[in-house]
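**Student:** Got a structure here, written out as structure tokens. Questions coming.
The values are calculated or read from the model by the stated rules, or taken from the named source; none is laboratory data. Because the structure is a prediction, the values reported are computed rather than measured. Here the Cβ positions follow ideal geometry from the backbone for every residue, glycine too, while neighbour counts run over all protein chains shown. Surface areas here come from the heavy atoms of the whole protein model, side chains and all, with no ligands, DNA or RNA. Shrake-Rupley method; radii C 1.70, N 1.55, O 1.52, S 1.80 Å.
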Amino acid sequence: MSKKGFLLVLMQPPAAMEEEFNAWYDSEHLPERLAVPGVETAIRYSSIAGVPDYLAIYDLSDKAVLDSEAYLRVAGDRSSPWTKRVTGRTHVYRSVGDQVYPGDALTPMAARVTIVRFRGLAASDEAGVVAAMRAAFEDRPSTIGVRVFAYPNGGKVDYIGFVSAAVPDDAPVEPRLFAGFFGAIDLFNTYVPRPR
């Protein structure tokens with residue numbers, strides 16, 4: 001089975017630019033990305049509490065989609081003036097890699113998504129991260145799906161656990177499930193879908 005790629009973007013626009021940021025994302029950026037062959041889904045979210053305020057997830061048939069001519073026509077130096085204006089003023093954290101668990105799932109529509117980011121681990125930690133995410137979230141009645149993404153970062157590997165839930169779920173997460181990775185977790189946040 002080939003693994004799907006992903007692009008996950010966390011964004012923090014300046015407060016004075018938030019209205020323009022959302023207008024740009026909804027009217028230009030999202031449609032532009034969805035028009036690229038191999039971009040299978042694109043969904044935006046807002047944080048319930050904490051920062052970054054915005055999250056976007058793109059499911060890719062393969063991460064190489066972002067190297068395709070169709071994508072490069074609308075990215076980087078070829079981005080529109082509006083894209084350059086907004087992204088030049090917005091704090092952006094962008095990660096690109098492979099969906100390592102389950103490997104081929106798409107982002108479902110969900111009332112909530114929770115992300116857990118693990119920074120600076122070894123490739124050999126993959127099975128442990130997947131096991132921890134599954135143990136913490138898979139058996140919850142609210143969970144629609146659990147996925148784990150991996151991407152290289154400075155000779156190490158960063159992982160993102162991505163949990164889609166059908167309803168809000170405020171049940172606590174059992175800390176012992178992440179005991180081997182406490183020092184690596186630098187983001188644990190919940191988001192709601194943005195209306196379109």
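**Student:** Is one or more of the residues making up segment 77-97 at pLDDT below 95, more than 18 Å from the chain's Cα centre (by Cα) and of a type in the set (G, A, S)?
**Tutor:** No, because not a single residue in segment 77-97 is at pLDDT below 95, more than 18 Å from the chain's Cα centre (by Cα) and of a type in the set (G, A, S).
**Student:** Give the residue that is most open to solvent (accessible area, probe 1.4 Å), with candidates limited to residues of segment 107-163 that are outside any strand (DSSP E or B) and either in contact (Cβ under 8 Å) with a residue 60 or more places away in the chain or of a type in the set (V, I, T) (or both).
**Tutor:** M109
**Student:** Out of segment 178-189, which residues are buried (at least 17 other Cβ atoms within 10 Å of the Cβ) and touching a Lys or Arg at 6+ places or on another chain (Cβ under 6 Å)?
**Tutor:** A184
**Student:** For segment 19-41, how many residues are open to solvent by 60 Å² or more (accessible area, probe 1.4 Å) and either among the aliphatic types (A, V, I, L, M) or more than 20 Å from A70 (Cα to Cα) (or both)?
**Tutor:** Qualifying residue count for the region: 3.
**Student:** Would you please name the residue that is nearest to L66 (Cα to Cα), looking only at residues in segment 1-16 that are open to solvent by 30 Å² or more (accessible area, probe 1.4 Å) and outside any strand (DSSP E or B)?
**Tutor:** If we take residues in segment 1-16 being open to solvent by 30 Å² or more (accessible area, probe 1.4 Å) and outside any strand (DSSP E or B), then K4 is nearest to L66 (Cα to Cα).
**Student:** What do you reckon, is E19 assigned to a helix (DSSP H, G or I), acidic (D, E), closer than 26 Å to L187 by Cα and more than 16 Å from the chain's Cα centre (by Cα)?
**Tutor:** For E19, the condition - assigned to a helix (DSSP H, G or I), acidic (D, E), closer than 26 Å to L187 by Cα and more than 16 Å from the chain's Cα centre (by Cα) - is met.
**Student:** While we're here: Restricting attention to segment 164-177, and to residues there that are touching a helix residue (DSSP H, G or I) at 6+ places or on another chain (Cβ under 9 Å) and assigned to a helix (DSSP H, G or I), which single residue is least open to solvent (accessible area, probe 1.4 Å)?
**Tutor:** L177
**Student:** Moving to a separate point now. What about Y45, is it among the hydroxyl-bearing types (S, T, Y), closer than 19 Å to I115 by Cβ, in a strand (DSSP E or B) and open to solvent by 20 Å² or more (accessible area, probe 1.4 Å)? Steps first, please.
**Tutor:** Numbers: among the hydroxyl-bearing types (S, T, Y): yes; closer than 19 Å to I115 by Cβ: yes; in a strand (DSSP E or B): yes; open to solvent by 20 Å² or more (accessible area, probe 1.4 Å): no.
So Y45 fails the test.
**Student:** Out of segment 51-70, which residues are open to solvent by less than 50 Å² (accessible area, probe 1.4 Å), part of a loop (DSSP other than H, G, I, E, B) and either at pLDDT below 95 or not polar (S, T, N, Q) (or both)?
**Tutor:** Across segment 51-70, the qualifying residues are P52, D53.
**Student:** Can you tell me how many residues within segment 74-102 are open to solvent by 20 Å² or more (accessible area, probe 1.4 Å) and either in contact with a strand residue (DSSP E or B) (Cβ under 9 Å, 6 or more places away or on another chain) or among the basic types (K, R) (or both)?
**Tutor:** Residues flagged as open to solvent by 20 Å² or more (accessible area, probe 1.4 Å) and either in contact with a strand residue (DSSP E or B) (Cβ under 9 Å, 6 or more places away or on another chain) or among the basic types (K, R) (or both) within segment 74-102 amount to 14.
A quick yes/no check of all residues on (1) touching a strand residue (DSSP E or B) at 6+ places or on another chain (Cβ under 6 Å); (2) farther than 24 Å from A111 by Cα:
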| position | (1), (2) |
| --- | --- |
| V148 | yes, no |
| N153 | no, yes |
| V163 | yes, no |
| A166 | yes, no |
| E174 | no, no |
| F181 | yes, yes |
| D186 | yes, no |
